[in-house]
Structure formats: structure tokens, C-alpha cells
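We did not get these values from a lab; they are worked out from the coordinates using the rules stated. Keep in mind that what you see is a predicted model, and the values were worked out from it rather than measured. FYI the Cβ positions are ideal-geometry reconstructions off the backbone, even for glycines, and counts take in every protein chain you see.
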Amino acid sequence: MKNKEQDIVCLTGLFPEEYVDEINKYSLTGVQNAANKLQWGIVKGLDGLGENVTIFNSIYVGSYPRLYRKIMIPTFHFGHGSEKNDINIGFINIAGIKVLSRYYTVKRELDKWASVDSGREKVLLIYAMTTPFAQLAGYIKRKYSSIKVIYIIPDLPMYMNVTKVQESAVYRTRKKIEEFLFHRSLKNVDGYVLLTDSMKEWFTTDINYTVVEGMATIDNTIDVDDIKKKKQILYAGGIKREYGVIDLVSAFSQIDDPEWELVIYGDGTDMESVCEYAKRDVRIKIMGSAPNAVVMKHQREAALLINPRKNQEMAKYSFPSKTLEYMLSGTPMLGYKLAGIPEEYYDNMFVIQDSENGMEEALRKAMDLPETERIKMGEKAKHFVVKEKNPEKQCQKILELIGRLE
């Protein structure tokens, strides 16, 4: 059943298409491609369901000078349809000033929107747990109580920048204060979109919520017909020990098969250790960071894609976005069972047993399969996510949540 006519503003940090090259040019660290895809998926899913959507955007980029080369992020209009009705809201990108600048520049635009009677029910859909966005959620509910505020939470604050939390007592204290402020800012939010059901445990009271683990956003510009598969196992992601990358290169090194290669895309704190394995084994190819379009092309050409991350306590509070990206490629995926991944996914991938030699055994088994069997699993996975996890189907859950709110 369709909700009554609504005026939905998506407060996001996505990358407008005309600004992507700029972001890649000036970023000094990896850009948030997975978050960008999910945000665009939400917009396109709501569009596809016939909703009236406007984007208020405050781009998620690193701060100047350490993570981004530009001090000022510009304000400009862009569009996700035939008209340019969306706005990228500029801010001062200097660390320390950025939070306040983003808050006040976005607040000004939200006040303009909220104070005009459009004749439709107003809904504010906010993406990601950032300080200015959380404070804006609280502000809007205080000043414009009739506006429904829905908060999309892809990550919980206690699991953001985990390495820093582990290493620094000062940072742990800062995170505790930040978490307290998040709880206070969000106490009047109407509903939440969570990536896993377990994320509700973070809240101190019962909440209205739905679970949307991700979206399979199809890029129709890439021709996947007649791709010749290479005997490659590909990993794309952070190069960190806790992500299982060292286990992966170690396990692959134990397999004596000169026809296969292990191709690794990404960067991270354990790159040096991974490179040591590559020096000893010429089959291990370290590609570093690359544009997402390049990585996706190579995902389609590989014979296997792998997520070597093992199940941990924090796994139940997150859904690995590479699961959908891998499955959408049509190349079969190999990975452990993780608490944040719904059970329905495991019929559409090769599963690594969590045992001492589980990864090596799973690699050998998948590599020894006939190519037709691997292709069959990849096609099955792609069909699953295209049918069941497309933006319209996933966004229908969001609309149902809005419809339940009084």
C-alpha cells in the first residue's frame, strides 16, 4: 500500500556524478565508494517507487590538510533526474572547523525546506552517524515536530575507527563522549534503518526500525557478456590483518599451482607484510588502490572473489558491502559465515569453514572445481541479488517503516 503523498529530503554525503573526478583527484586516502553506492541506491530506489525525492548533500570527504587537498567544498546544484533540483551544500573542510561548518550550512537549507508548506507530508531521511547530521536530526525534531525523521545507520559509533580506539586512551574517552551525544541527539528520531538486526542493541530504549543490509545497484554501462575468465582469486578492500588478508596470502602461498594468481586491490596498515609475501611468491599481485570502475571490471574477469574476514563480535553489527558488489559481478564469492550476513546469502556463495586450515581447504576446493561449476554459482548469486536486493525492493521496507509511524 502506497503512503500518502510525501516530500522526502535525503540528507546524504554521496558523490554527485559531475564531482567524482574532483573527489578522486584531491583525496589523499581511499574514498567511500561503498557508502556512495548505498546512498545512490536509496535515492534511485525511492525514485523507482514514485516518491518525490530531493537530495541535500554534504559530501563525505576527508579533512584538509591530512586527508584532502582542498579547504573549501563548493555549493552547487545537481540532479538525479531530468532536473537539477538537488543541492550540494558547501563547507569549510579544515579539521576542527569542518563539523561546525557542515552543521550550520546544512541547517540553513533544512530550515528553508522545513518552513515552506508543500501540501505534502515531510520526511527527512538522514544517512550515517556523523556529529553534524545527528545534531541536525535532533534540531529538526525540536523545531519542526511534524516532520518525520528517519535515520539510516550503516555503522555504530563504537565500531568506527576501531584501531584508534584500541590504541589511544584519549580517543576512547572522546568516543564515549561522542556516543553519549549521539544518544542525546537521536532520542526523538522517529525511525531507523539498520544494516543488521543486532544494531538495535546499541539503543537504550525500544525503537521503530527496519533492516536493509544493502542494495544491489546495477551499472548498466558495463557489458558483462562474453567475458573470458582468468584463473585469478581477487580481493578488494582494506589491507589489514584484522580483515584476514594475512591469512589469505599465507593460505594461498601453501597451494602449489602455477596457473592461479591472487590479485589484491586496496591499501592499509599491513601492506608491507602483504608485499613480503608477494616478493616470495610471484603469483601474488599487489595492485594498490584503483578507481572502483577498474576494480569492478577485474572482479568480472576473475574466477573467484574472496572476503577473508572471520566472524568477530563486531561482525553482527555490520554487513560487508563487498558481499553485494561481489555477487553482482557474476563471479562466485568465497567467504566465512559472518553474523551480520543473513542466512539466505550462504546458498549463493562458497563458504569457508572456521577451522585451522579452513581457508586453504576452501581455496583448494573452489580452485579444483570445473569452471562451469564456478560460473554456475556466480550466475546464481547475481540472479539472487538482482531479484531480491534491488533498490526498489529494499526501499519498499523504508516506505513501510514511514507508513507505520504516527
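Descriptive notes on the structure:
- Normalising the average separation of contacting C-alpha pairs (under 8 angstrom, six or more residues apart) by the number of residues puts the relative contact order of the range 232-388 at 23 percent.
- Cβ-derived FRET efficiency at R0 35 Å, residue 183 paired with residue 406, nearest 0.05: 0.95
- Table column - 3J(HN,Hα) (Hz), the range 384-395, Karplus curve with 6.51, -1.76, 1.60, x for Gly and Pro: 4, 6, 5, 7, 9, 10, 6, x, 5, 5, 6, 6
- Amide H within-cut-off set for residue 95, under 5 Å, with H built and near neighbours excluded: 64
- Greater than 21 Å apart at Cα, pairs in 25/84; 98/187; 322/382; 98/175; 229/387; 84/141: 25/84; 98/187; 229/387; 84/141
- Taking Lys and Arg as +1 and Asp and Glu as -1, the other residues whose beta-carbon sits under 11 Å from that of residue 268 total -2.
- Environment charge of residue 80, counting only residues whose C-beta is closer than 13 Å and scoring Lys/Arg +1, Asp/Glu -1: -4
- Within-15-Å neighbourhood charge of residue 366 [Cβ basis; K, R +1; D, E -1]: 0
- Here the Karplus curve 6.51 cos²θ - 1.76 cosθ + 1.60, taken at θ = phi - 60°, turns the phi angles of the range 8-25 into couplings of 9, 9, 9, 8, 10, x, 6, 9, x, 4, 6, 10, 4, 4, 4, 4, 5, 5 Hz, with x standing for Gly and Pro.
- Per-residue HN-Hα couplings for the range 362-376 [Karplus 6.51, -1.76, 1.60; θ = phi - 60°; Hz; x = Gly/Pro]: 5, 4, 4, 4, 5, 5, 7, 5, x, 4, 4, 5, 5, 4, 4
- Under 5 Å, built H, 5+ apart or other chain: amide partners of residue 330: 382
- In a simple Cβ point-charge model (Lys, Arg +1; Asp, Glu -1; nothing else charged), the range 232-388 has a dipole of about 440 debye relative to its Cα centre.
- Sequence-distant residues sharing a close amide H with residue 75 (under 5 Å, placed H): 90
- Cα pair distances exceeding 25 angstrom across the range 232-388, given as percent: 23 percent
- Per-peptide packing, taken as the mean over residues of other Cβ atoms within 10 Å, places 342-351, 241-250 in the sequence 241-250, 342-351 from highest down.
- C-alpha center-to-center spacing [the range 315-345, the range 87-118] in angstrom: 35 Å
- Packing rank of 6-17, 40-51, 282-293, where each peptide gets the mean count of other beta carbons within 10 Å, highest leading: 6-17, 40-51, 282-293
- For a label point 7 Å along the Cα-to-beta-carbon line of residue 294, residues of the range 234-259 with backbone N under 18 Å: 234-239
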